[in-house]
Amino acid sequence: MAAGRERRAEADTFMARLRKLVHRVRTGLRRSAVDYFRGDGSDWVALAGLLITIPVIAAMTLANAVWFSPAALVLPIVAGGLVLRPASLLGLYAAAATGLIVESVKLGPYTEGPARVTPGVVLVVAACGFFGLLIAQFRSRVGVPWRRGGTMLFDLRERIRVQSKLPQLPQGWHREMALRPAGGQSFSGDFVVAARTNGGRTMEVVLTDVSGKGMDAGSRALLLSGAFGGLLGSLPPHAFLPAANGYLLRQDWDEGFATSIHLVLDLDSGDYELFSAGHPPGLQLSAGSGRWEEKAAEGPLLGVYDGAQFDPVKGSLRPGDVLMLFTDGLVETSDRDIVEGIDRLTGEADRYVAGGFHGAAWHLIEAVAKDVNDDRALLLVCREGPTASASASASASASAQGLSR
């Protein structure tokens, strides 16, 4: 009993209560800061910090106006435009205007000497405030704080990249995908979804080109890639493109069409079916003849009209054969038609026949359409023959020897 009373007495001392208060304040500030930077909490912490900087800047200006110009008040204004909500920003502007008036009164008329509050300084501060308010209103309308905008875009880009990842194939098969958005941007209207179906014996790949390019088509590409990824493997192969076409029609987008090519490949036999929705034809390299053959299936664009039919073209990949799928940005430009572009692509691809197509997809885009201002995507599926397997083994052995040295 006595020990309990002593502990309660210690807990009721002034220092103990002060420590509890400091702990609660620190916890509250940390929670508020975390919520704020997540975009969920109030901006009062940022507003308080910026309000404190205004009298500090004003005091430094009054102490030494040569080194600390009255125009320095634009610093909290610019920062406020990036982190505050419009209502809080108006309060910050009122405090900055007050600071500017105080500086003008204390420093005297600008005609009496240098480093005074001139009309030019007032115009600069007002212009920065105007543009800061525009930025804050845009952020408020979009609903994405500036501190989360970059993270959100990065997350979207990574989701597209993960959804476009091709599945692992059994020994004797090689696949690779290369994609270059228009203008060097991070988002593209071209995407691919792929899956192993039928107990892993079949690989299905869908390469799609959404209308538009770059950032303009990136949001629609993200939405379609998620929808197509859900449809792929859930429907029989012949039902995929009709379902995708119906999905686009239901979106009712102003620019809502897309081209798509759907590969259904039997990994045991090498037989495949190729469905197309207004997409450029696939190209197959026959190891026996060394020639490229177009594989053009019949089908209209996705999202144009309901009840469209998509008739497949069939083929077979034998050891050493290569199947190449691509979007029109790789072979068609304003000054080059698709036939000429395909000839150029197959001519460059012939250089890889002897040594194998490992790593060829990216180099082919660089060689054929490096500077084209359009999204470009290229998918290679190779059934490796004995020569290719021996070459790959020799390359791996040489690399291992080099590392051991």
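A short reminder: the numbers here are calculations on the coordinates, not readings from a lab. For clarity, every value in this text was computed on a predicted model and none was experimentally measured. Every residue, glycine among them, receives a Cβ derived from its backbone with ideal geometry; neighbour counts consider all protein chains shown.
Observations on the structure shown:
- Cα coordinate range in segment 206-362, projected on the principal axes (Å, largest first): 47, 39, 25
- Tail beyond 14 Å, pair distance distribution of segment 54-114 (Cα, percent): 55 percent
- In a fully extended conformation the segment linking ASP337 and LEU123 would gain 71.6 nm over its present Cα-Cα distance, using 0.36 nm per residue.
- Listed by chain and number, the lysines whose C-alpha is less than 16 Å from the C-alpha of LYS370, apart from same-chain residues fewer than 8 away, are LYS213.
- Residue (of TRP292, GLY256, GLY270) at the positive-pole extreme of segment 252-297, dipole from beta-carbon charges: TRP292
- Distance between modelled label sites at ASN198 and ARG26, nm, 7 Å Cα→Cβ extension: 6.4 nm
- Annotation: aspartates and glutamates with alpha-carbon distance below 20 angstrom to LYS20 (same-chain offsets under eight excluded): GLU6, GLU10, ASP12.
- The packing ranking, built from the mean of other Cβ atoms within 10 Å per residue, places the peptides 279-285, 193-199 in the order 279-285, 193-199, highest first.
- 3J(HN,Hα) along segment 244-256: 5, 5, x, 5, 5, 4, 5, 6, 6, 6, 5, 10, x Hz, from the Karplus curve 6.51 cos²θ - 1.76 cosθ + 1.60 with θ = phi - 60°, whole Hz, x for Gly and Pro.
- Sorting 74-81, 228-235 by their mean Cβ neighbour count within 10 Å, with the most densely packed peptide first, gives 74-81, 228-235.
- Prolate/oblate/rounded call for segment 286-365, Cα gyration tensor, a/c under 1.5 rounded: oblate
- Mean-position separation - Cα centroids, segment 294-334 and segment 219-292, in angstrom: 8 Å
- Sequence-distant contacts, meaning Cα pairs under 8 Å at least 6 residues apart, place the relative contact order of segment 272-348 at 32 percent.
- Cut-off 12 Å between beta-carbons: net charge of the residues surrounding GLY200, Lys and Arg +1, Asp and Glu -1: -1
- Projected area averaged over orientations for segment 234-315, convex hull of C-alpha atoms, nm²: 6.1 nm²
- Our estimate of slack between SER219 and ALA16, defined as 0.36 nm per intervening residue step minus the Cα-Cα distance, is 67.6 nm.
- Rounded to the nearest whole Hz, the Karplus-based 3J(HN,Hα) values (6.51 cos²θ - 1.76 cosθ + 1.60, θ = phi - 60°) of segment 321-327 follow the sequence 7, 9, 10, 10, 10, 7, 9, with x at glycine and proline.
- Backbone phi angles across segment 53-69, fed through the Karplus curve with coefficients 6.51, -1.76 and 1.60 (θ = phi - 60°), yield HN-Hα couplings of 5, 5, x, 5, 5, 4, 5, 5, 5, 5, 6, 8, 6, 6, 7, 10, 5 Hz in residue order; Gly and Pro are listed as x.
- Separation of the LEU235 and GLN171 label points, Cα + 7 Å toward Cβ, nm: 3.8 nm
- Bins of 10 Å, starting at 0 and running to the largest distance - Cα pair percent for segment 170-294: 11, 40, 34, 13, 1
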